[in-house]
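Heads up, the thing below is written out as C-alpha cells.
The values are calculated or read from the model by the stated rules, or taken from the named source; none is laboratory data. As the structure is a prediction and not an experimental result, all values here were calculated from the model. FYI the Cβ positions are ideal-geometry reconstructions off the backbone, even for glycines, and counts take in every protein chain you see. SASA here: full protein model, heavy atoms, side chains in, ligands and nucleic acids out. Shrake-Rupley method; radii C 1.70, N 1.55, O 1.52, S 1.80 Å.
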Amino acid sequence: MSHHRLHTPARSLLRLSLPRRNYRISRSYLSAMDSTNPQQKRPKKLIFAPGDIEAASESQTPKQSEPVTTASALPARLLAEALRADTMTPHTALDNKVVSNPARAHQFVRNPPLTVSQLHPTNPLYQFHAWFRDPRLELSSAPETCTLATASLPSGRVSARVVYLKELDERGWAVYSNWGSREGKGGQVFGSGGSDNADSSVPEAMPVLSGVDEPLVQDLGLQQQGNKWAALTFCWPVLERQVRIEGMVEPLSREESEMYWRTRERGSQIGAWASWQSKVLWSAEPDSLVSRRRKSFGPGEDSIVYPEIPHDINETDIDDGRDLLEKRVQEMEARFSDTKEIPLPPFWGGVRLIPESVEFWQGRRSRLHDRFRYVRIHGTDESSYEWRIERLSP
C-alpha cells in the first residue's frame, strides 16, 4: 500500500443537475406508514438494541408461583412464535426490560477527545495520513478496510460495499476493482452503454484518461449517464474513530492501475478476468427452494439455529451457479497458461475519490462526539482551492 504518491493538486469535477419532480403521496399511504395506526402491523424485529438490554443473571430464579417449562420441552415452532411475539408487539416483557434497566450500550471513553489544535491546519489528506499511521492501529485489524457508497441515476438508489484502500496521494483515496460491469458499481458511477463495445459477453472497458489531470467531464459518453458522486467511510473501533469522505470519482490512468495490478497474486489476477462482477449467475424463484435445497445444511423453516457446515459442501450441495464461475476460472487459467505476466483487463482498474468534504469523528461519552469537517472552498481557477474547517454537532 503506497501513501506517498504525490501529484500537483488539481480538481476534476463534474456537477450533475437533476430535474425537479413533484411527488404526490396519498393519505392512505401516510396512514399505512403511521406507527400509531392500529391497523398497521409492526415489522418483526430480529435483533433490537442488544447492547442496551441488561443480560439476565444466570443465578436468577423464577418465582415459586410461575410454572417452569424448559426450552427443550417446547416444539421449535412454539419457540419461534414466542420469539416473534416478544420482539414485534408493543408493551411486552421486552419493552419493559428496555425502559426499566439502565443502558449498558458502549460508551466512548477509552481515548482522548479531539480538539481543533490536533488537526492539520490546511489539508485533510495529511490529517487522514496521520490518523492512519497511528501506532495503536494494528495491521491485523486491516485499517485500510472502508465502505464505498454510490448511487444510481435517476432513481437515486444507494448501494454500499466494503473495499480496501490501496493508495492515498495528494488528490485523494484510490481503490481498485472491476468497473466495467454495468450491473454493479461501475454502472452507477460510469453509466451503462457508455462504450461502443460490440461484444456483450465481456464487461465494458473502463474510461481511460489521456492525462491524470484531464477533467472527467470530457468523456462525453459518460457525461449524462453516470453519477460520479461517492462516499467513503473508515471505522476504527479501537480508536473510537471514523473518517467520512464525500467527493467525485475519477478513473486512474492506465499506468497507475498497471502498477498496482503487478502486486496482485496470480490467482487474484485470474479471478479478475473470470468474474463479471455482479452479473447474475443463478437465481431461484419464490418458494422453489423449499423442496429442492438440502435441509441438513441450513436452518429449518421454524428454526433460527444453523447446523455445522461440512467441508465438502461445494461438492454435495445442489447446483447454485458456482460451477459456472469455476468453469470461467478454468477457461482463464487455460488462456493464460503460457503467459508469465497476466495483462491488466480493460474493465479493471483503480478510481480515485477526490474529496469535497472530509469529516474526522472521535467518539465521546454520552454520544456527544467530536466531529470536525474539512470543506473544499473553490478558487477562481480550476487548480486553486482551500479548506474550511467546521465543528459539527454530534
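If you go through segment 119-158 and keep only what is more than 24 Å from Trp387 (Cβ to Cβ) and loosely packed, with under 13 Cβ neighbours inside 10 Å, you end up with Pro135, Arg136, Glu138, Leu139, Ser140, Ala142, Pro154, Ser155, Gly156, Arg157, Val158. Based on this model, can you work out whether Pro345 counts as assigned to a loop (DSSP other than H, G, I, E, B) and open to solvent by less than 60 Å² (accessible area, probe 1.4 Å)? Against the criterion (assigned to a loop (DSSP other than H, G, I, E, B) and open to solvent by less than 60 Å² (accessible area, probe 1.4 Å)), Pro345 qualifies.
Would you check which residues across segment 318-348 are in contact with a strand residue (DSSP E or B) (Cβ under 8 Å, 6 or more places away or on another chain) and at pLDDT below 90 and list them? The answer is Phe347, and nothing else.
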